[in-house]
Structure formats: C-alpha cells, structure tokens
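Structure first, then comments.
Just so it is clear, none of the values below were taken in a lab; they were calculated from the coordinates. Just so you know, these numbers come straight off a predicted model, no measurement behind them. FYI the Cβ positions are ideal-geometry reconstructions off the backbone, even for glycines, and counts take in every protein chain you see.
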Amino acid sequence: MSFENLNLDPAILRAIEASGYTTATPIQAQAIPEIMAGHDLMASAQTGTGKTAAFTLPALNLLATPHPVNSRGPRILVLVPTRELAAQVNEAVRKYGKFIRVRTASIVGGMPYPLQNKLLSQPLDILVATPGRLIDHMERGRIDLSRLQMLILDEADRMLDMGFMPDVERICDQLSADRQTLLFSATLDGNIGRIAHQILRNPKTIQVATQTEKHANIEQRLHYVDDMGHKNKLLEHLLIAPEVNQVIVFTSTKRHADLLAEDLYAAGHKTAALHGDMTQGARNRTLTKLRHGDVKVLVATDVAARGIDVQGISHVINYDLPKFAEDYVHRIGRTGRAGKSGIAISFASHMDRFQVRKIEEFTGQRIEASVIAGYEPKRPAPRTDKAGERPRSNSSRPSSNRPYEGRNANSTGYNKPSGTGAGHRSASPRGETGSNDRVFGNRNDGNRGNGNTRPDSARSSDKFGAPRRSDSGSRDSRPSSTRSDADRPAARRPRTFA
C-alpha cells in the first residue's frame with residue numbers, strides 16, 4: 001500500500017518521500033488506519049518490519065492538529081525499555097516530523113538530571129522515556145501530563161522481562177482515562193496479553209506474521225563446539241570471511257563483552273563493545289561508529305543491543321546462547337533489516353542442545369547444524385532429543401582428557417583461541433598453534449594490536465577471563481549481578497578501539 005493512501009498530513013508525506021520510502025510495510029498498512037481512527041491497539045511485530053514508523057507516523061499526524069489546551073506538557077508519551085530504543089524513536093520522530101516542527105525530548109537513565117530538568121521545563125509535543133526515569137521525574141512534579149492524548153508502549157515484552165511493568169502500571173494510573181493507548185510487542189501471548197487488556201480499552205489486535213514466518217530472510221546456522229579454544233578459532237574464521245560486512249557478536253555478560261571486544265581488536269578487527277555499564281556518551285559514540293562503518297565487529301549484550309537499527313549488519317553471531325528463546329529472536333533480528341537477507345550463526349556445546357531445542361520450539365523453525373572443513377567438532381552433532389528428555393550421562397559430561405574440563409563452550413569465560421590473523425587462514429589443524437600465529441589476547445599493552453604477548457602476570461594463557469572453579473564445581477569469583485543492564489549505574493568506559 002502506498003503511503004499516499006493512508007490519509008497522512010501532506011507535510012508528513014513529504015518527509016516520508018524525502019527519506020526514500022513510498023510503500024508501507026504490512027505492519028504500517030494495518031496499524032496506521034486503526035490508530036488514526038482513534039482505536040487502542042495491541043500489535044505483534046518484530047524489529048526490522050517498520051514497527052517504529054507504524055506508530056510514529058500516526059502520532060505525528062495527531063500533532064498536525066493543534067491542541068485546544070495551551071500547556072508545556074507532551075501530547076504523546078512513548079515508553080521504551082532501553083536508551084538505544086529511545087534514541088531510535090527520537091530519530092524517527094525527527095526524520096518524519098521535520099516539516100511540522102515537532103518538539104521532542106528523551107528522558108532515560110544515564111543522562112544527567114540537570115539536562116533532563118532543562119528539557120522538561122520547555123514545551124514538548126512528544127516525550128520518549130524509560131519507565132524508571134519517568135517515574136523519578138513524576139514523583140518530583142517535573143512533568144505535566146494533563147494534555148496527554150496518546151500513550152505508546154514499544155517492545156512491551158521486553159519491559160515485562162526487565163521488570164518495568166509495575167512502573168508502567170503506575171504511570172498509566174496517572175494518565176487521563178480517555179487517552180489512546182498503543183502496545184507493540186514481539187508476542188501477545190501470556191502475561192503481555194493480560195497486561196494489555198488491563199491498560200487498553202477494546203483494543204484492535206494486529207499480528208502481521210506467524211512465528212514461523214518471522215525472519216524468513218535470515219539464514220540460521222548452528223555450530224557445535226568442543227571447548228573455548230574451538231569456539232574462538234571458529235569465530236576468527238567466520239569474521240575474516242569475505243562475505244562479512246558488519247557483525248554483532250552477542251555475549252552473556254557485560255564483562256565478557258569487554259574482554260572479547262578487547263581481544264578481537266588486538267587481533268586486528270575493528271571492534272567495540274556495547275553494554276549497560278557504559279556511559280550514555282560512550283554508547284552513542286560506539287553506535288555512531290557502527291553506523292558510519294568504523295566499527296565492523298560489535299560485541300554486545302542483549303539489553304544494550306535492543307533498538308540497534310543499522311542496515312549494514314550482515315551477520316549476527318551468538319557467541320553465547322541467550323538464556324531465553326525470545327532473546328534469540330531479538331538478537332537475529334539485528335540482521336536482515338528492511339527486507340535484506342542476513343545470516344545468524346549460533347555456537348553451542350553438546351550440553352546446550354536442550355536450549356537449542358527450546359529456541360526451535362519457540363520459533364517453529366529447525367536450526368540445522370553446520371560443519372566447516374578444518375573446524376569440525378571432535379564429537380558429532382547430537383541427535384535431536386524429544387522434548388523433556390534428559391541428556392545421557394556419557395554425552396552431557398566432558399570427558400576427563402578434554403581441554404577446559406568441566407566447562408562447556410557456552411560458559412562465560414573467554415579463553416584465547418589460537419587462530420590466525422585476518423586475511424589468511426592457518427593450514428595447521430585445530431588445536432595446533434604455530435609460534436607466529438596471531439592469538440586473541442596476546443599483545444603488549446604498550447604496542448596495541450601488534451600481536452605481541454602480554455606480560456606473564458597479565459592473564460592466564462588458557463583461561464582468559466574465565467572464572468575459576470573449585471573442585472566442587474562452585475565459582476569462587478564474584479557473583480554476577482541480578483540487575484538488568486538498563487538499571488545498572490554507569491561504570492568506567494571499557495577499552496574499545498579508538
């Protein structure tokens with residue numbers, strides 16, 4: 001459907017045309033008329049489907065008509081789970097609303113309070129916020145929501161996962177009952193459906209695709225790995241492939257993201273990390289470099305990567321499998337944007353096969369195990385077990401003579417691989433490293449990136465960044481935090497490439 005058939009304001013149509021778009025995506029074609037008709041809406045849509053424009057365009061169309069109440073408060077409130085998603089929504093508002101002089105602001109964690117207070121003291125049309133920070137300002141009486149007409153919840157499933165729904169419900173209690181409410185989520189099942197019916201009034205429901213149809217343009221691959229050394233060599237081999245443009249590598253922890261990004265950079269890759277402990281300025285600079293192509297490999301955690309919309313991402317690599325199957329869908333959605341093709345690659349140990357099955361059940365798609373010549377696992381890919389079947393003891397336990405005994409390939413420790421440098425591949429079989437081969441993590445701090453070995457006191461040569469295990473199997477390292485990325489205080493800026 002053409003945008004001209006959606007009865008949008010001419011100034012908005014001009015901005016859409018200036019952005020290079022002429023035809024609405026399925027979610028836009030279905031959602032925009034319902035929203036402009038004044039209905040509450042609950043919509044299931046994946047990232048990369050034009051979801052942001054599906055609510056941004058009708059919201060801007062509402063602003064084309066003056067409000068009878070003269071107030072500084074916003075007419076539209078957009079709640080998002082992360083800072084990156086807030087930035088994406090703000091960018092869409094500026095792009096499509098540039099000819100109607102829209103006043104917008106973003107209120108998120110990590111921004112200085114004085115700056116936010118200044119933004120809130122000025123007249124606003126659209127306010128984009130994370131729930132926790134918005135609650136802070138509401139309790140201090142800094143936000144006037146008396147003329148609010150539309151509330152939008154973007155990625156509501158993620159807000160539920162991150163524990164933001166009590167804050168969302170508190171916010172809704174303070175808003176006018178005759179507001180229009182729009183809820184967008186990857187899924188409308190379970191608690192999301194229940195919450196939606198609590199805060200929406202007679203909503204229209206839109207589901208643009210079944211689960212099996214989602215990400216049809218993304219090729220999904222699975223590689224079983226024996227140990228961390230195998231995993232790291234396979235990663236290096238994949239990163240130097242000529243078809244790789246830009247890639248996002250997902251890890252399970254923020255510390256792991258820093259370590260992996262640091263060592264990939266030392267190995268010659270244009271790499272940066274992205275996670276919730278970074279300051280907002282550092283995150284913005286990293287995303288700018290990614291969009292400009294200065295970063296080729298972004299190592300990220302799940303929360304930090306939400307909202308990344310970069311057309312050049314050709315590959316997503318799940319270095320660590322996600323804890324939840326829903327996160328797998330969001331991860332691989334970073335590639336294959338705007339109808340382009342993409343490749344999603346996951347690493348898994350034999351003990352991870354039940355998590356792989358959960359992902360397959362959630363997506364409704366089987367992920368075939370792949371093998372690359374010269375990088376074959378020592379053990380064949382496990383058979384597909386029936387749901388609920390427990391692994392056999394002799395197939396789920398590492399053998400006594402295997403390297404990194406007691407650790408599977410999806411553990412949070414990152415061990416230095418013995419791979420080759422970018423631009424050529426070693427002829428040595430896996431497990432054998434020539435004295436001149438480049439190794440992740442082997443560099444001298446004073447000569448960054450030249451492959452020189454660190455001083456002996458720097459790190460262990462075989463368990464880089466890996467938490468130690470006692471004989472009983474418990475970790476004696478610091479326990480990981482239970483707080484989400486978005487709610488953690490900003491820490492020092494991690495070392496990434498300059």
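Values as computed for the structure displayed
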read-out	value
Alpha-carbon spread of region 263-344, three principal axes, descending order, Å	29, 26, 25
Isotropically averaged projected area of region 3-209, using the convex hull of Cα atoms (one quarter of hull area), nm²	10.7
Region 17-41-region 259-336 distance, computed between alpha-carbon centres (Å)	29
Segments 222-232, 155-165, 238-248 sorted - mean Cβ within 10 Å per residue, highest first	222-232, 155-165, 238-248
Average silhouette area of region 224-301, convex hull of alpha-carbon atoms, in square nanometres	5.3
Two-decimal log10 I(q)/I(0) for region 167-232, as the Debye equation yields it once each C-alpha is a single scatterer, q = 0.21, 0.22, 0.23, 0.24 Å⁻¹	-0.95, -1.01, -1.06, -1.11
Under 27 Å, Cα to Cα: Lys pairs in region 3-209, sequence gap 8 or more or different chains	5
Kirkwood-Stokes translational diffusion coefficient of region 161-283, alpha-carbon pairs, 4 °C, 1.567 mPa s, µm²/s	68
